[in-house]
Each structure stands twice: as C-alpha cells, then as structure tokens.
1. Across the stretch 376-397, which residue is most open to solvent (accessible area, probe 1.4 Å) among those that are more than 16 Å from ligand 2 (Cβ to nearest atom) and not polar (S, T, N, Q)?
2. If you take the residues in the stretch 272-288 that are part of a strand (DSSP E or B) and away from ligand 2 (no atom under 11 Å from the Cβ), which one is nearest to Ala499 (Cα to Cα)?
3. I'm trying to understand the selection: among the residues of the stretch 88-111, which are surrounded by 15 or more Cβ atoms within 10 Å (Cβ to Cβ) and in a loop (DSSP other than H, G, I, E, B)?
4. Could you tell me how many of the residues in the stretch 271-280 are within 25 Å of Ser332 (Cβ to Cβ) and open to solvent by 20 Å² or more (accessible area, probe 1.4 Å)?
5. Considering only residues of the stretch 171-199 that are open to solvent by less than 40 Å² (accessible area, probe 1.4 Å) and hydroxyl-bearing (Ser, Thr, Tyr), which is modelled with the highest pLDDT?
6. Working carefully through the options Ala337, Ala312, find the one that is open to solvent by less than 10 Å² (accessible area, probe 1.4 Å) and out of contact with any Cys (no Cβ under 6 Å at 6 or more places or on another chain).
7. Going through Leu266, Leu294, Leu322, Leu309 one at a time, which residue ends up being more than 23 Å from Glu219 (Cα to Cα), in the same structural domain as Thr378 (by TED's automatic domain parsing) and under 24 Å from the mean Cα position of the chain (by Cα)?
8. Considering every residue within the stretch 412-427, establish whether at least one is open to solvent by 30 Å² or more (accessible area, probe 1.4 Å), in contact with a Lys or Arg (Cβ under 9 Å, 6 or more places away or on another chain) and in contact (Cβ under 8 Å) with a residue 40 or more places away in the chain.
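The values are calculated or read from the model by the stated rules, or taken from the named source; none is laboratory data. All values derive from a computational prediction rather than experimental measurement. Glycine also receives a Cβ, built like all others from the backbone with ideal geometry; neighbour counts cover every protein chain displayed. To get the accessible areas, we keep the full protein, side chains included, count just its heavy atoms, and leave off ligands, DNA and RNA. Shrake-Rupley method; radii C 1.70, N 1.55, O 1.52, S 1.80 Å.
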Amino acid sequence: MFIVFAAIAGVISGLVFLAVAEVLALLVAREASPVLAVGAFVIDVIPQPLKELAISTFGEFDKIALLLGLGLAVVVASAIAGVLQFLRPPLGVVALGIAGALSVAAIVTRTGVAPLAFLPPAIGAAAGSLVLVLLCRRLRAWQRSTVAPADPDGPDSVRAPGIDRRRFFALAGISGASALIVGITARAVSMATSSVDAIRRGLRLPAPRSRVTVPDGAELDIPGITPLFTANEDFYRVDTALTVPSVDPETWRLVIDGMVDRRVELSFDDLIAMGLDEYAITLTCVSNVVGGELVGNALWLGVPVRDVLRLAGPQADADMVLSRSVDGYTASTPLAALTDDGLDAILAVGMNGDPLPLEHGFPVRMVVPGLYGYVSATKWLTELKVTTFQRDEAYWTPRGYSAEAPIKFSSRIDTPKIGKSVAAGRIPIAGVAWAQSVGIEAVEVRIDDGDWQPATLSTPINTDTWVQWVMEWDATPGTHYLSVRATNKNGELQIEEGAPIAPDGSTGWQRSLIAVS
Ligand SMILES: Nc1nc2c(c(=O)[nH]1)N[C@H]1C(S)=C(S)[C@@H](COP(=O)(O)O)O[C@H]1N2
Ligand SMILES: [Mo]
C-alpha cells in the first residue's frame, strides 16, 4: 500500500516541477516551458510514418493528442520516480534531475532562446526533488509508526500512527493542489497574454496599390459547395509548431543572404514600403489526399519575392532558396520559381483583408503558386538563403518528402456529401478543382459506370486559384458512385492512378458512394 502512496508522491513532485517551471517560464522566457520544449523536440524526432499516423488519426487535433500523450508519460515516469525514491533513495531525485537535464537540453538546443531559458526547468526540477524528499520522509515515518514498537514503553509509542499519516496527506494535498492551480494558471496566463496578438489586432496595413478583380460568375450559388474564398478561421492549418510563434513586427527582420552579391536585411516597414499588391492564390498541402480538405483559397496582400531577392542580387550558380522560419522550420524552393516574372511568388503580410493570422505566419510568410506548402509557404519567415539543392536541405527532405514538389492538379466533390442521404430528384453535384499556375480547362463527372459528362465551371479569377464546378443530376433511388476528374489548360488529364501523399503528393480520381432515397 505504501508503494501506491510513493507513486502518488512521485506524481505530485512531477506536478510541482512543471508548475514551478511554468511560472518561471512566464517570468524569464516563454519558450522555456519544459512541456512545450519537450513536445517540440518529440515532433522533430518522431519517425515520419508515426507522424502520418498521428495526423490521420487525430487530424488537426494531433498536437492535443501529443500533449495528452506527453502528460501520460509524465504521470507514469514521475510515479516510478516516487517509488524509486521511497525504496532506494536518492534514485527518485536522480530521476527528476535527469528529467530536468533533458528539458534543459530540449530548450537550449532550439534556436533563438533567451539566455536564462535554462532556469525554469532547472529550478523546477530542484523544487520537485525537494517535495519528493519531504513526502517520502513523511511516508516512511507513517510506515514506521504502523509497525508495532518492540518496546511498548519506548519513545515511539507516545506517537499515534494517525499523526504521521495526516502529516503525509497534508503535505501531499497542499503541494499537489497548489501545483495544479499555479501550473494551470501560469499556462493560461501565458497563452492569454501573448502580446503579439494585441499588436496584430492594432496593426493597420496600407491599402493595396492594386486589387484582384473577381469576375462575374466567379462564385456559384450552390448549397454545400466550398466558398470561392476560404475564411481565415476555416483555412486549414499545417505546421510543426506546437505553440504558435510570437513574432513582433517591430523587431522582425528578414535577412537575404547566402549566394548573393550583398546581404540585405529588411524591417517590416521596409518590406511594406516596397508597395503591397493583392493576389488570389490557392494553397495546397502535400498531405492532402484525393477529396481531402487541406486546400484553401485566399486573397493575399504582399510583395513579390523577386523584388526582394533583386535587392540582394542572387548569384548565377544558385538554384534554390532555403526559406527559414523563426522556429527553425525550412523549405526549399527553386530559385527560378521565385524570380520568374510570370509567376506571383510573394511575401504575404495580409490574408483576406486582415494582417496574417498568428497561426498562418504573422507577420510575414511566403506564398508561391503551384508549389505545395511544405516547399514554399514558410510561415513566420525570417531568412531567405540563396543556395543550391546540392548544398542545403529543407526540414522535410530527410523525412521522406521530395526536395521539389509542384502541386499535382486535382478536383474534389463537395456536394452531395459522402454518407449523407439525399432525396431523389434533380440535384447539383458540385465542387472545386485546382491547377495552380496552369489553370483548369475542364471538369467531368461520372455517375456509376456511365459516360464522363462535362461540368459547368465558374469563371476563374486567374490560373492560380481554384474554380468551382457543377453538374445537374436526376438522382434516382439507390446507391451511386460519383466520380470527378479535371483537365488542365495544358490539356493534361488528372492522373487516374492512385498515389500516396509521400514523397510528393497524392494522385487519383475521387469516387464517392452516396445514398439516394
Ligand atoms: N514555419 C513553418 N511554415 C510552414 C510549415 C511549418 O511547419 N512551419 N508548414 C508548411 C506546410 S506543410 C503547409 S501546407 C503550409 C500551410 O499553411 P497554412 O497553415 O497557413 O494553411 O505552411 C507551410 N509553412
Ligand atoms: Mo503541407
């Protein structure tokens, strides 16, 4: 039975460790929270198949799942530390010390951490150890007092066992409860007072010099179809960041270096002084499966990357730009895709009329039409290193994804929804199709094993955005397979053969089963 209490003592000291570290992190360096630092480390070292499994199982909740998993690991490990300290002191304290050292390592090995960032986990581990030592001492006293003293008149007999038990529970209760309250409050305060959020809300971007003209007929009026522009709240989010990086535009700098004639450093004001224009570009994730949701269309406000690169003067033998985020994430984009006059690769500061949302890369991100996000759309951008594919490698390259990845054009059925029963009669089959930088020429729909029939397309805004499509159908009762395929403006038909998302994007025709009653 005392073993169970030793395990509980261990868990309580683990909580004290984390709570003290959270409070200190709030004071000295926000990124020095052991939970977040270890979580970020785990994200980077997790093998790729496991990461894909996590994303496919938990979807956008993958980070919450990771935090819950880490929480469970902390509980188990600290329970073991408690038992060790009770049976074989000071092994439990040694275990907490190791946990502290690992958190310090996870924190200080990240780029751009404050000099005092080692303090929260170090002092947290010390506080946790102290509580563990005290709890185990009281637990042993309680254990001793339950063993009947050999000499009934000896000094021990004057003390009833109840006192030591109560002393243990008092300390356990007080330290456990205060650790929970203090730890959760500190984390909540840290999240709520991210001052960059307030700065973003107060930021007024200059009006664009030019606006996108949205032609008549660009948006079809069909219930259930994806809107032409994806609202910022609904825009898919994919990144390796466990917490959204906080970047103050006042201190933000973009460095353009590497194989350039001169190193250039731009402030946020320098960048927007270059003049902002509006661009409509559809972004797609390489992890989007056929029929998937990891694609969105927005109006971006930004500056062409080519104008910014020109300031630095890329050298002739360079063929790649390695863009880097403040959190260390990198993407490799062909230099030609960024300097091509006919392609609107931009550094974006605005999204659908607002400054970039924090999750979408505030204050500055890249957006390149026609390339998957992981090789082009670096959020929280801080550096453009002009280099070669030979010399440098981006985040995903050693993790099973291609160094270069043009978007494979695709089409999706939005309505009728799979699995939702529809009433027989005339209904629209509708969805979206995208072929960024080339454009969609045609979309065809097939009912069961019938002929491919042409769908009607919305008027495209440009070749970089998706189009909507619709086909009226006289739905007859029963189950039916609906299929869709697109042809791009180069006359190429969407690839029929299925391919997985790795290493460079999925292919295949969507075929979904619906029930008509
Ligand atoms: N800093 C950073 N930028 C990043 C990523 C990332 O993990 N970190 N992921 C990329 C990927 S894989 C995609 S698909 C797009 C997604 O952008 P969104 O989250 O704004 O939709 O961002 C890209 N930019
Ligand atoms: Mo992605």
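1. That would be Arg391.
2. Looking at residues that are part of a strand (DSSP E or B) and away from ligand 2 (no atom under 11 Å from the Cβ), I get Thr282.
3. Pro89, Pro90, Arg110
4. 2
5. Among those that are open to solvent by less than 40 Å² (accessible area, probe 1.4 Å) and hydroxyl-bearing (Ser, Thr, Tyr), it is Ser175.
6. That would be Ala312, the only listed residue that is open to solvent by less than 10 Å² (accessible area, probe 1.4 Å) and out of contact with any Cys (no Cβ under 6 Å at 6 or more places or on another chain).
7. Matching residue, one of Leu266, Leu294, Leu322, Leu309: Leu322.
8. No; the residues of the stretch 412-427 include none that is open to solvent by 30 Å² or more (accessible area, probe 1.4 Å), in contact with a Lys or Arg (Cβ under 9 Å, 6 or more places away or on another chain) and in contact (Cβ under 8 Å) with a residue 40 or more places away in the chain.
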